[in-house]
Amino acid sequence: MIVVSTRQRLFGSQTRRAFFVPAARLDSQTIASSLRLKSSIEATKCPHHAGQNNDPVKIADSVKLVNVPKLPFVGSIISQHSGMSKWDFTTSYDNWYENHKNFGHFYSTGLPGIGKGLYHEVYVLTDPNEMMKVLRKEGPLPFGPLELQWPITEYYKDRKEAGAPGGSAGSGLFSTGIEWQKYRRFIQSDLLHPAAAKGYLSGIIKASEIASAGAPKHAKNIAEYMAHSSFDMFASVAFGQFPGIATGESDQEEYNIFCKSGLRGLGLLLPLITDPMEMVQRKIGIKSKLWSEFEENFSTAREIAHEKVKLFRTRKANDQIKDEFEEMSYANLSIDRQISSVGQEDALTEDEAAEMIVIGLVASVDTTSSLLNWTLTHLVLNPDVQEELHKEISKNVANSGVGALTGDCFGKSNTVYLDAVLRENHRMTSVFSFNVNKQNIMDDVEIHGQTIPKGSVFVLDSRSIGMDPSVVKDPDVFDPTRWFKDEVEARRGTPAEVLDHPLYREPFSAGARKCPGSRVASYEAKVMLSQLVLDWKISIADNNKDPKPKSWRDIKYFQGLTIQPEVPELSFERRR
Ligand code: HEM
């Protein structure tokens, strides 16, 4: 069914014509039923975007739903049948872009592990304003994509049934329902509010100072280094402690194991959920090799983190909280909350509260390290950008009066370039291949003029337009100036302003389930990058082994849960 929308909107105008040449891979019926829009203004005058002539946004014509062929159980993953790009964890970014090229701005496809029903149906769209309609219908008990990670939900289900510590809490947080609300309220308190996140900033700065000193030692294994740095920073938030595992000199070996097993466990999620046979085996009680490996690694990470929380709690009970960092830590505040709520409806048990801290620790390593690994990769591939960033940070440090990073260095007006660097990283190499995955739980929703039934699954493809050469000039060039105020102003009123929509801006999703660690994670990324660039001139090592990568396109990557690049061996030259 095709419904033509005549409302004025960002996408589409009367004059727009087919933007993408219909792919040979599509069957003729699909092509006939697909009405492409030209996704952008032409790149003419402006170096970074098209539409510099400030033409008013044209009256919208239609974006039409394209039905990608689907089969029961496997959805659209058989590319010879569906025309979808082959599901490949080493080319995820390009796969989504290819699908966008082939199917346009609004298509219904079948993605096992993400979609719903026999065909795993998912609606993919690029227009954030349309996605906002879905968000408005998410209701008070919204869906969250982590629920789809069946290895996690099944893992917690087993623990809940066995009465194991934290089983019910994990199960509740990764569900949709009143239980979710209870655990979500607990986990986000003392974390998500801007003031709460800011309260952890001095600890994050201290952790990053310690971590930065260890950078050269890990020049050959930056992925591990960034995982350890991410752990160190979140340990400062969670416990107000500074294990310094990124220095390579910490004697707390269990944290290395925590990071390794946490990363390995989470890295198996996508391979597990996208293989329909894995779910079938789980349902009939067969433990596949992959599932067993996931379970083992996830358990190891959780057990180490639980021990850590237990130790903290014991020290707290014995009045051994030693300084202001520990006093103001997330663990201390949340244990106080748990104790003072005993006897109230919705109170969490000791184990449940501990599980919330454990989940935070597990969630903080893979995600933050992906963001750091990619951004650092862009900084070494683009020395001019690194220099510009160094200038901004040095100025802030000079103004701080103490010759070091302070909380004031991260006020919005002081981080214009740093923010632009992170925004540019998000445009090109986001932590996830898509960031907003929602359901219209409350009601049917009209998307691009088409009524989509209540309870459908939607994915916002927030990357493809930003990589489209007709919207963004030289999309493979890392250019933070695209996000400067005057550029944003110049885009206003043109179809390219879609790039500045809040749903396109960062990798933390939106709505009531938006990442509860988002503000802390943002600070962590800003602080760690600042500290590294302040301390070191960082470049790609001359190891004479491999040809030096010249562009992000030369960097291999793999998608597990997040997308992690293979950062090349680096060289660190001390700046101060
Ligand atoms: C760069 C770092 C991070 C990124 C990109 C990221 C991204 C995300 C995204 C996209 C979601 C799904 C939101 C939704 O359901 O719509 C999410 C959920 C979540 N994140 Fe993060 N995250 C990061 C760091 C953290 C940290 C540091 C924590 C520590 C507390 C954390 C804890 C969680 C939890 C517990 C959820 C599930 C929330 C729920 O279902 O209600 N994340 N994150």
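The values are calculated or read from the model by the stated rules, or taken from the named source; none is laboratory data. Nothing here was measured: the structure is a model prediction, and the numbers come from that model. Here Cβ is always computed from backbone atoms with ideal geometry, including for glycine, and neighbour counts include all displayed protein chains.
Give the residue, chosen from Gln281, Gln320, that is farther than 28 Å from Ala354 by Cα and free of Cβ contacts under 8 Å to residues at least 40 places away in the same chain.
Working: Gln320 fails: farther than 28 Å from Ala354 by Cα.
Going through Gln281, Gln320 in turn, the sole match is Gln281.
I need the full set of residues from the stretch 549-568 which are more than 19 Å from Thr367 (Cα to Cα) and surrounded by fewer than 16 Cβ atoms within 10 Å (Cβ to Cβ), in order please.
If the condition is that a residue be more than 19 Å from Thr367 (Cα to Cα) and surrounded by fewer than 16 Cβ atoms within 10 Å (Cβ to Cβ), then Lys550, Ser551, Arg553, Asp554 are the ones that fit.
Wholly within the stretch 174-223, which helices (runs of 4 or more DSSP H) include no fewer than the required count, namely at least 1 residues that are over 29 Å from Leu529 (Cβ atoms) and more than 21 Å from the chain's Cα centre (by Cα)? Let's see the steps before the verdict.
Numbers: elements: 178-188, 194-198, 201-213.
Filter on the stretch 174-223 gives 178-188.
Are there any pairs, at least 6 apart or on different chains, whose C-beta atoms fall under 6 Å, with the first in the stretch 158-172 and crowded, with 18+ Cβ neighbours inside 10 Å and the second of a type in the set (Asp, Glu), and if so, which?
Note: pairs meeting the criteria are Pro165/Asp351; Gly166/Asp351; Gly166/Glu355; Ala169/Glu352; Ala169/Glu355; Gly170/Glu355; Gly172/Glu179.
(1) assigned by TED's automatic domain parsing to the domain that holds Val280; (2) away from the ligand (no atom under 16 Å from the Cβ); (3) touching a residue at least 40 places away in the same chain (Cβ under 8 Å); (4) of a type outside the set (Ser, Thr, Tyr): which one isn't true of Asn129, the others all being true?
(1)
Can you pull out the helices (runs of 4 or more DSSP H) entirely within the stretch 477-576 that have at least 2 residues that are at negative phi and within 16 Å of the ligand (Cβ to nearest atom)? Working first, answer last.
On the way: elements: 485-491, 502-505, 518-535.
Helices (runs of 4 or more DSSP H) meeting the threshold: 502-505, 518-535.
Among the listed residues Glu392, Glu387, which satisfies the condition of being under 30 Å from Thr494 (Cβ atoms) and at pLDDT 95 or above?
Details: Glu387 fails: under 30 Å from Thr494 (Cβ atoms).
Among Glu392, Glu387, only Glu392 is under 30 Å from Thr494 (Cβ atoms) and at pLDDT 95 or above.
Could we say that Leu371 is in contact with a Pro (Cβ under 8 Å, 6 or more places away or on another chain), of a type in the set (A, V, I, L, M, F, W, C), in a helix (DSSP H, G or I) and within 14 Å of the ligand (Cβ to nearest atom) here?
In short, yes.
Within the stretch 407-420, can one find any residue that is under 24 Å from Ile465 (Cα atoms), out of contact with any strand residue (DSSP E or B) (no Cβ under 7 Å at 6 or more places or on another chain) and crowded, with 22+ Cβ neighbours inside 10 Å?
If we filter the stretch 407-420 for residues that are under 24 Å from Ile465 (Cα atoms), which is where we start, we get 416-420.
Adding the requirement that they be out of contact with any strand residue (DSSP E or B) (no Cβ under 7 Å at 6 or more places or on another chain) leaves 416-420.
After this cut, where a residue has to be crowded, with 22+ Cβ neighbours inside 10 Å as well, the list is 418, 420.
The answer is yes, given that some residue of the stretch 407-420 is under 24 Å from Ile465 (Cα atoms), out of contact with any strand residue (DSSP E or B) (no Cβ under 7 Å at 6 or more places or on another chain) and crowded, with 22+ Cβ neighbours inside 10 Å.
I'd like the full set of residues that are at pLDDT below 95 and either assigned to a loop (DSSP other than H, G, I, E, B) or acidic (Asp, Glu) (or both), limited to the stretch 99-117. Before you say what the answer is, go through the steps one by one.
The initial filter retains those residues of the stretch 99-117 that are at pLDDT below 95, namely 111-117.
Once the filter is applied, which keeps residues that are at pLDDT below 95 and either assigned to a loop (DSSP other than H, G, I, E, B) or acidic (Asp, Glu) (or both), the stretch 99-117 yields Leu111, Pro112, Gly113, Ile114, Gly115, Gly117.
Looking only at the stretch 138-162, count how many residues are of a type in the set (Gly, Ala, Ser) and either part of a helix (DSSP H, G or I) or within 13 Å of the ligand (Cβ to nearest atom) (or both).
Initially, the stretch 138-162 is screened for residues of a type in the set (Gly, Ala, Ser), giving 139, 144, 162.
Now drop any that are not either part of a helix (DSSP H, G or I) or within 13 Å of the ligand (Cβ to nearest atom) (or both), which leaves 144.
Residues flagged as of a type in the set (Gly, Ala, Ser) and either part of a helix (DSSP H, G or I) or within 13 Å of the ligand (Cβ to nearest atom) (or both) within the stretch 138-162 amount to 1.
Could we say that Arg264 is within 16 Å of the ligand (Cβ to nearest atom) and of a type in the set (D, E, K, R) here?
Working: within 16 Å of the ligand (Cβ to nearest atom): no; of a type in the set (D, E, K, R): yes.
So Arg264 does not fit the description; no.
Pro165 passes all but one of (1) at pLDDT 95 or above; (2) in a loop (DSSP other than H, G, I, E, B); which number fails?
For Pro165, the exception is condition (1).
Looking at Asn435, Asn414, Asn396, which is the one that is under 19 Å from Phe558 (Cβ atoms) and of a type outside the set (Lys, Arg)?
Details: Asn414 fails: under 19 Å from Phe558 (Cβ atoms); Asn396 fails: under 19 Å from Phe558 (Cβ atoms).
Within the list Asn435, Asn414, Asn396, the selection yields Asn435.
Out of the residues in the stretch 324-340 meeting the condition of being within 14 Å of Val237 (Cβ to Cβ) and polar (S, T, N, Q), tell me which one is farthest from the chain's Cα centre (by Cα).
Out of the qualifying residues, it is Asn332.
Go over the candidates Ala420, Ala353 one by one and state the one that is among the hydrophobic types (A, V, I, L, M, F, W, C), more than 16 Å from the chain's Cα centre (by Cα) and closer than 30 Å to Thr300 by Cβ.
Ala353
Every residue, every condition in (1) buried (at least 24 other Cβ atoms within 10 Å of the Cβ); (2) on the phi < 0 side of the Ramachandran plot; (3) in contact with a helix residue (DSSP H, G or I) (Cβ under 7 Å, 6 or more places away or on another chain), yes or no:
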| site | (1), (2), (3) |
| --- | --- |
| Lys101 | no, yes, no |
| Ser108 | no, yes, no |
| Val124 | yes, yes, no |
| Lys133 | no, yes, no |
| Glu138 | no, yes, no |
| Pro142 | no, yes, no |
| Glu147 | no, yes, yes |
| Ile152 | yes, yes, yes |
| Tyr155 | no, yes, yes |
